Each structure stands twice: as C-alpha cells, then as structure tokens.
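What follows is one structure encoded as structure tokens, with my remarks underneath.
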Amino acid sequence: MNDSRSRGILRLKHLREVTEAKGEEMAEQRERFQRLAREDSAPRVVSSHNLFQTPPELAARLVALASDGRGLGRLLEPSAGLGRIYNAVRAVDRAAPVVLVDVSPECAGELYRATEGDGAAELVVADFLTIGTDRLGRFDTVVMNPPFSEGAKHLLKAWDFLHAGEIVCLLNQETIDNPYTEERKRLAELIAEPANVESLGPCFSKSERSTDVHVAMVYLKKENEDD
C-alpha cells in the first residue's frame, strides 16, 4: 500500500513538473501568438478574376518608361489589382495625382490600405469599361496591366481618357499577333511602329499566381486631345 502511495505521489509530482514546464513555454510564446492573431499582421490571400500581379521589377520598368524624364503628371491605373504599379509610381514620384480603378471589392480593400494617408491618390471601385471621362476626367499618363482576356478593350478605353501623353500597357502577345476582333483591329491601327511593342515572353510564369501567357509591353503616345 505504501509502495503504491509512493508511486502515486511520484507520478503526480512528475505531472506537475511537466505542466509547469508547458505553462512556462506557453507564456514565452503568448506574445507571438497574439501578434499572429492580429488582423493587421496576418497574411492575406486575395483572389480575383484575371488577377495576375505585375512583378515589382516589371512595374518599375513600366513606370520608368512612362516618365522617362518627362514626369508623370496626372496618372490613371485601371485594373489596379493589389497596387504593384502604384507602389512603383510612388517610388519615383511621391506627389503625382494618381487615380486607381478596380472592380473587385477584395482588391479595393488592399488598395485602400496601400493608399491610406496618400492625399494625392484616389480610389474608384468600378468596372473601368463602364465609366467615362465625366467621372474621372482626363490624364497625362496611363500605366496599366489589364485582364489578358480583354486587354484590347481596356487599352482602347484608356486611350479615350488620355489628354496628351503616354500609355504604357501590358498585353497578351496574342492580342497583338491576331487582330481578329474589331477592338484588336483598332488597336493595330494605334500601334503604328514596331518600336512601340516589346515582346517579354512568359514573364508571369514565376509570379504568385502564374501563367505561361506570352506578354508584350506596348507604348503609345497621344500628341493632342484630338488624336
């Protein structure tokens, strides 16, 4: 009986020591758990139809081509996604007026967080193809990565918003190579010189959401409002 009681006491002592050790470990980790639980530190996964985020180095290149010593002026980014191009703009110009348009509420939420406190940035939650200059006004520069499936429509729409200045746009290469729709034919007329188009290949193949679509970078310049 005494032996059983002694063994029981030893087991209880051991369990208490294990419990105390676990308690100390949990106390050490509590701050980390609380930090991870906060919404502002938790990783957010955003998905949206035709959302292929512009690789940061490519976004920087688009903006550099758009400015090229001329300055950006008032800038439009349709289908702004999660703000990669916006970030590239702010890396070179902290004060340029920027209008970001996106139809996705999820993307709009991310853009709101990205532009919070930026008095020169305006966020418009809308389908870019359904709004006009009466709502947004006109722009000096457009930098855009539109949905690959509707790139020609988006680029032609952006052309209407341009006062006099430049558009730099990423397109599905097939949109240029096969002008079989009315929009693609109109786009082919705008791309007058081969120098306006650079083939980039499958440059989104290693992005967060990858695609093997071959991409082209298009540069267009409007000389005046009537062009």
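For (1) open to solvent by 30 Å² or more (accessible area, probe 1.4 Å); (2) of a type in the set (Gly, Ala, Ser); (3) out of contact with any Pro (no Cβ under 8 Å at 6 or more places or on another chain), each residue gets a yes or a no:
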| site | (1), (2), (3) |
| --- | --- |
| Thr54 | no, no, yes |
| Leu58 | no, no, yes |
| Arg84 | yes, no, no |
| Arg94 | yes, no, yes |
| Leu100 | no, no, yes |
| Cys107 | no, no, yes |
| Tyr112 | yes, no, yes |
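With the requirement that a residue be free of Cβ contacts under 8 Å to residues at least 40 places away in the same chain, over 18 Å from Asp68 (Cβ atoms) and in contact with a helix residue (DSSP H, G or I) (Cβ under 7 Å, 6 or more places away or on another chain), what does segment 88-101 give you?
If the condition is that a residue be free of Cβ contacts under 8 Å to residues at least 40 places away in the same chain, over 18 Å from Asp68 (Cβ atoms) and in contact with a helix residue (DSSP H, G or I) (Cβ under 7 Å, 6 or more places away or on another chain), then Leu100, Val101 are the ones that fit.
Restricting to segment 154-176, what's the tally of residues that are open to solvent by 10 Å² or more (accessible area, probe 1.4 Å), among the β-branched types (Val, Ile, Thr) and touching a Leu at 6+ places or on another chain (Cβ under 7 Å)?
Looking only at that region, the number is 0.
What are the residue pairs meeting all of these: first residue in segment 116-129, first residue of a type outside the set (A, V, I, L, M), second residue open to solvent by 80 Å² or more (accessible area, probe 1.4 Å), Cβ atoms under 6 Å, and 6 or more apart or on different chains?
That search, which allows pairs on different chains as well, returns Asp127/Val103.
May I ask you to verify whether Leu111 is of a type outside the set (Val, Ile, Thr) and in a helix (DSSP H, G or I)?
Here the answer is yes, as Leu111 does meet what is asked.
Every residue in segment 65-91 that is over 17 Å from the mean Cα position of the chain (by Cα) and in a helix (DSSP H, G or I), please.
Residues satisfying the conditions are Leu65, Ala66, Ser67.
The values are calculated or read from the model by the stated rules, or taken from the named source; none is laboratory data. Values in this document were obtained by computation on a predicted structure and should not be read as measured data. Cβ coordinates were reconstructed from backbone atoms using ideal geometry, including for glycine residues, and neighbour counts include every protein chain displayed. Accessible surface areas use protein heavy atoms only, side chains included; no ligands, DNA or RNA. Shrake-Rupley method; radii C 1.70, N 1.55, O 1.52, S 1.80 Å.
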